[in-house]
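Novice: Just passing along the structure, written as structure tokens.
The values are calculated or read from the model by the stated rules, or taken from the named source; none is laboratory data. Source: prediction; values computed, not measured. A quick note on method: Cβ atoms are made from the backbone with ideal geometry, for glycine too, and the neighbour counts reach across all protein chains shown.
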Amino acid sequence: MMKMLFFLMLFICVLLSVAFLTLLERKILGYMQIRKGPNKVGVMGILQPFSDALKLFTKEMTTPVLANRFSYYFAPLLNIFISILLWVSIPYMFYSIDFEFSIIFFLCCISLSVYTVMGAGWSSNSKYALLGALRAVAQTISYEVSLALIMFSVIFLSETYNLFYLCYEQNIMWYMIVFMPLFMCWLGSMLAETNRAPFDFAEGESELVSGFNIEYSSGSFAVIFMAEYSSILFMSMISVVLFMGSLCIYLMNDLFLIIKLTLLTFWFIWIRGVMPRYRYDKLMYLAWKSFLPLSLSYLIIILAFKLYIWF
């Protein structure tokens, strides 16, 4: 019963966070473009996310005639399930599922998210959706290599796969200071992994209309949308835990961690407001010829350092 209650609380908290993250994004982008943003529904637009959710879930759901119906409906559900499941790997104040290999669990889950995008694009039986899915899959796989190598550098230095113990390692100095070039690579890889601007090629509006989710409407579109913003929040959280540490035993009991998480999430929105979209070949060049050599070099240096200490 406690586990079921924990999962229910986690699900509700993540969905509420996603709702107000969309409001924050629209407000920040509005002020960056010298306009108000949502300000009509509720006090200062505070109820706008619930109004949007009500509108999306009450709209008629259209299904393409030639679509593969099972994959078409299953892909968004699997997407939101994986993005919620990721949050289990982080120890919480009210209930903790603490396991030794939480970083490996995280890597497995983000690898699975590729299949949801591929399934959504392919099952729609639309040229634009398939092109968007192919772009997203190539981009996600490319940047997962960099993410994994950067995480391995942190793992080899701290000698633990557990996020719970990783915070204790950073009591004296954050890994962000030790791995500053790697941290910058991590931030770029995060943007590409979550398909955010300036790497939002999966949803390139100017050339693909809306990318892999073009045929989705109503609740299915809302579920894909929520999964994307849940991933943004989680990637911000895992970045804070890996590179900025936490002062408390249970991570969500740390006020400074919440502040760092908010600042990193704001950074996602800020980048969207100020950066133009990259060229696709430049994106791949950045992954394979910049991030990969740098992360490999750091990994070799860390391994040499640890071997020197052991012998």
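Novice: Can you confirm whether L21 is closer than 16 Å to W87 by Cβ and either assigned to a helix (DSSP H, G or I) or at pLDDT 90 or above (or both)?
Specialist: Values: closer than 16 Å to W87 by Cβ: yes; either assigned to a helix (DSSP H, G or I) or at pLDDT 90 or above (or both): yes.
It is true that L21 is closer than 16 Å to W87 by Cβ and either assigned to a helix (DSSP H, G or I) or at pLDDT 90 or above (or both).
Novice: State which residue is surrounded by the most Cβ atoms within 10 Å (Cβ to Cβ) when the search covers only region 262-299 and only residues that are at pLDDT below 85 and closer than 18 Å to T194 by Cβ.
Specialist: Y278
Rundown of residues vs (1) crowded, with 19+ Cβ neighbours inside 10 Å; (2) modelled with pLDDT of 85 or more, yes/no style:
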site	(1), (2)
M180	no, yes
E203	yes, no
S206	no, no
E215	yes, yes
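Novice: Do we find that A222 is at pLDDT 90 or above, of a type outside the set (D, E), more than 26 Å from I150 (Cβ to Cβ) and in a helix (DSSP H, G or I) in this structure?
Specialist: Numbers: at pLDDT 90 or above: yes; of a type outside the set (D, E): yes; more than 26 Å from I150 (Cβ to Cβ): yes; in a helix (DSSP H, G or I): yes.
Judged against the criteria, A222 is a match.
Novice: So, in region 225-247, how many residues would count as being buried (at least 19 other Cβ atoms within 10 Å of the Cβ) and either outside any helix (DSSP H, G or I) or among the aromatic types (F, W, Y) (or both)?
Specialist: Residues meeting the conditions: 7.
Novice: Please pick out the residue among I259, I249 that is among the β-branched types (V, I, T) and modelled with pLDDT of 85 or more. Steps first, answer last, please.
Specialist: Values: I249 fails: modelled with pLDDT of 85 or more.
That would be I259, the only listed residue that is among the β-branched types (V, I, T) and modelled with pLDDT of 85 or more.
Novice: Among the numbered criteria (1) assigned to a helix (DSSP H, G or I); (2) surrounded by 14 or more Cβ atoms within 10 Å (Cβ to Cβ), which single criterion is violated by L16?
Specialist: Of everything listed in (1) assigned to a helix (DSSP H, G or I); (2) surrounded by 14 or more Cβ atoms within 10 Å (Cβ to Cβ), L16 misses just condition (2).
Novice: Return the total of residues in region 6-55 being within 17 Å of I271 (Cα to Cα), touching a residue at least 12 places away in the same chain (Cβ under 8 Å) and not β-branched (V, I, T).
Specialist: The initial filter retains those residues of region 6-55 that are within 17 Å of I271 (Cα to Cα), namely 21-34.
Checking which are touching a residue at least 12 places away in the same chain (Cβ under 8 Å) leaves us with 21-29, 32-33.
This time we only want the ones that are not β-branched (V, I, T), so: 21, 23-27, 29, 32-33.
Of the residues in that region, 9 qualify.
Novice: Right, another one. If you check E169, E228, E215, which single one turns out to be of a type in the set (D, E, K, R), closer than 30 Å to N68 by Cα and in contact with a Ser or Thr (Cβ under 6 Å, 6 or more places away or on another chain)?
Specialist: E215
Novice: Just checking, which of A192, A202, A197 is of a type in the set (A, V, I, L, M, F, W, C), in a loop (DSSP other than H, G, I, E, B) and closer than 18 Å to R272 by Cα?
Specialist: Details: A192 fails: in a loop (DSSP other than H, G, I, E, B); A202 fails: in a loop (DSSP other than H, G, I, E, B).
So the residue among A192, A202, A197 that is of a type in the set (A, V, I, L, M, F, W, C), in a loop (DSSP other than H, G, I, E, B) and closer than 18 Å to R272 by Cα is A197.
Novice: From L286, L294, grab the single residue that is part of a helix (DSSP H, G or I), assigned by the TED database to the domain that holds A138 and in contact with a Pro (Cβ under 9 Å, 6 or more places away or on another chain).
Specialist: On the way: L286 fails: in contact with a Pro (Cβ under 9 Å, 6 or more places away or on another chain).
Answer to the check: L294.
Novice: Additional query: Being free of Cβ contacts under 8 Å to residues at least 24 places away in the same chain and of a type outside the set (S, T, N, Q) is the filter here, so list the residues in region 295-304 that pass it. Even if it seems obvious, please write down each step before you answer.
Specialist: Taking region 295-304 as the starting set, the residues that turn out to be free of Cβ contacts under 8 Å to residues at least 24 places away in the same chain are 297, 300-301, 304.
The answer is I300, I301, A304.
Novice: Within region 124-131, can one find any residue that is buried (at least 18 other Cβ atoms within 10 Å of the Cβ), among the polar types (S, T, N, Q) and either more than 25 Å from L263 (Cβ to Cβ) or not assigned by the TED database to the domain that holds F243 (or both)?
Specialist: Among the residues of region 124-131, at least one is buried (at least 18 other Cβ atoms within 10 Å of the Cβ), among the polar types (S, T, N, Q) and either more than 25 Å from L263 (Cβ to Cβ) or not assigned by the TED database to the domain that holds F243 (or both), which makes the answer yes.
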